[in-house]
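Notes to accompany the following structure.
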Amino acid sequence: MNSNNIIGMGKTSMVSIKGEIDIYSIENFRASIEKEIQTQATQIILDCSELSYMDSTGMSVLIELRNKTKEMGQKIIMMNPRPNIKKLLSLTGVDKIIEIVDNPAN
């Protein structure tokens, strides 16, 4: 997972999520997002274009991190999730609490 900062309105952080998010990779996922939360970026964009799979562990941590960012006045945005990930987000209702976009906001 790579991260870098983008200059825009407020501070936006971008995190590229690649491969699978499951019980074996969850700590790296959590650490990457928490690192960006600490930068106090107003938006944390998760580039999910290379995310192939997410299990319930990943969903739980995603919701936990979303709640943490909301409390701090930050926002998580999922960008370019694959159809299988979009379907999972829709079935679980996560798409109602985390913004999903097909292109980055300029």
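Residues that are in contact (Cβ under 8 Å) with a residue 24 or more places away in the chain, among the β-branched types (V, I, T), assigned to a helix (DSSP H, G or I) and open to solvent by 40 Å² or more (accessible area, probe 1.4 Å): does the stretch 15-36 have at least one? For the stretch 15-36, residues in contact (Cβ under 8 Å) with a residue 24 or more places away in the chain, among the β-branched types (V, I, T), assigned to a helix (DSSP H, G or I) and open to solvent by 40 Å² or more (accessible area, probe 1.4 Å): absent. Residue count for the stretch 1-23, restricted to those that are under 15 Å from the mean Cα position of the chain (by Cα) and either modelled with pLDDT under 55 or of a type outside the set (A, V, I, L, M) (or both): 12. For the stretch 60-97, filtered to residues that are part of a loop (DSSP other than H, G, I, E, B) and farther than 19 Å from G10 by Cα, the residue that is least open to solvent (accessible area, probe 1.4 Å) is P81. Select from the stretch 45-59 the residues that are polar (S, T, N, Q) and either in contact (Cβ under 8 Å) with a residue 12 or more places away in the chain or not in a helix (DSSP H, G or I) (or both) and list them in ascending order. S49, S52, T57 - these are the residues of the stretch 45-59 that are polar (S, T, N, Q) and either in contact (Cβ under 8 Å) with a residue 12 or more places away in the chain or not in a helix (DSSP H, G or I) (or both).
The values are calculated or read from the model by the stated rules, or taken from the named source; none is laboratory data. Predicted model, so just to flag it, every value in this text is computed and none were measured. Because the Cβ atoms are built from the backbone with ideal geometry, glycine has one as well, and the counts that use them run over all protein chains shown. We work out accessible area using only protein heavy atoms, side chains counted, and drop any ligands, DNA or RNA first. Shrake-Rupley method; radii C 1.70, N 1.55, O 1.52, S 1.80 Å.
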